[in-house]
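None of the figures in this text is laboratory data; all of them are computed from the coordinates on show. Everything numeric in this text was worked out from a predicted model, so none of it was measured. All Cβ positions, glycine included, derive from the backbone under ideal geometry; neighbour counts span all protein chains shown.
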Amino acid sequence: MKTRFGRTISMVVFLSIAWGSSAFGEPDGARLYAINCAACHGDRGDGGIGVPLSLPDFLSSVTDEYLFLTIRHGRPGRIMPSFQHLSDQQTRAIVRHIRNWAAGEPKLAAKGTPGDPRRGRDIFARHCARCHGPLGKGGTGTGVNFTRLHDQPVVAPGLNNAGFLAAASDRIIRTTLLKGRRGTPMQPAAKMGLSIQDVDDVGSYIRSFEKGLENGGGNSGAAAEPALITTSPLPFAETVERIKQAISARHQRIIREHPLDDGLSTGRAGGRKHLVIYFGNIRHINTLLTIDPRMGLFLPNRVTIMEQNDGKVVVSAVNPLRFRNLFNNANLEHTSREMHELYSAILGEVSE
């Protein structure tokens, strides 16, 4: 009985630690933040791949509800994932932890007057589009220094985004426009020569993005198959040679090659043959890393060739069409399609 009780207590403690909760109390916001947020936003909220959360002007212009909804819904297509697996209690614990970095309570501007979205669109084009994009989709790259313009300490967030629009109230948008964000390129409206009416017009234009999202302008593309796989009619050695020729013919450099089990096995069990060929060009690799440094997990490009027990030779590669959804980064859309075409063409050289 004591042993069973002890195991039960141990399991409770283990699960509590895994989920960022104390064994018999409230969720531990600091631990939950460390597990779920720090990798992108930094241990102290000073930013990284994600935006800095500890900026005084940010914390003074957003509510706890904004933080809660941002964690819950994320930012579709903008790297920030949704954390719907976290309970309300856990999410609020993270919000309290983030709020500890603030000097005081948020101070929002008063509610504005109804603005003219058409006039706001013109003002947005003149004063906001350079950073936030002509359609308000946000800047490219991430918070990592080499992936963004060096004169910008952060990447401008996407405003034409379902997650942002669900989290940001009209007063939060108005407050940000009026106050700006010290420590970022976002200037107060007065410094940009904008009147109070201009601010309300821009706010109305930003809110109008919701209609486009409702009409199908949001996240696109169904999840693709995780891998591209084909069977070669050629023997293993000829397949390898044909793949190398296909890579070189497409102006790609073969960087290295090694057996699939390199470092894991002292020999080829059962005489099986397998090889991974790494290839790419520096410009393409740099472009992908600039868009999202996490792409380094799949770079250089690689193709795996394996002879199965029945003698069939299978050639496979990761499916680049998965990258956009995998990393929640819409900016990977174009380059992922280019990579898919490249992989498909190479595998097509040995397809049955």
Review point. Here are SER351, SER344, SER336: which of them is over 23 Å from the mean Cα position of the chain (by Cα), closer than 30 Å to PRO81 by Cα and not hydrophobic (A, V, I, L, M, F, W, C)?
Key: SER344
**Study point:** Tally of residues being within 13 Å of MET186 (Cβ to Cβ) and not in a helix (DSSP H, G or I) across the stretch 120-138
**Key:** 2
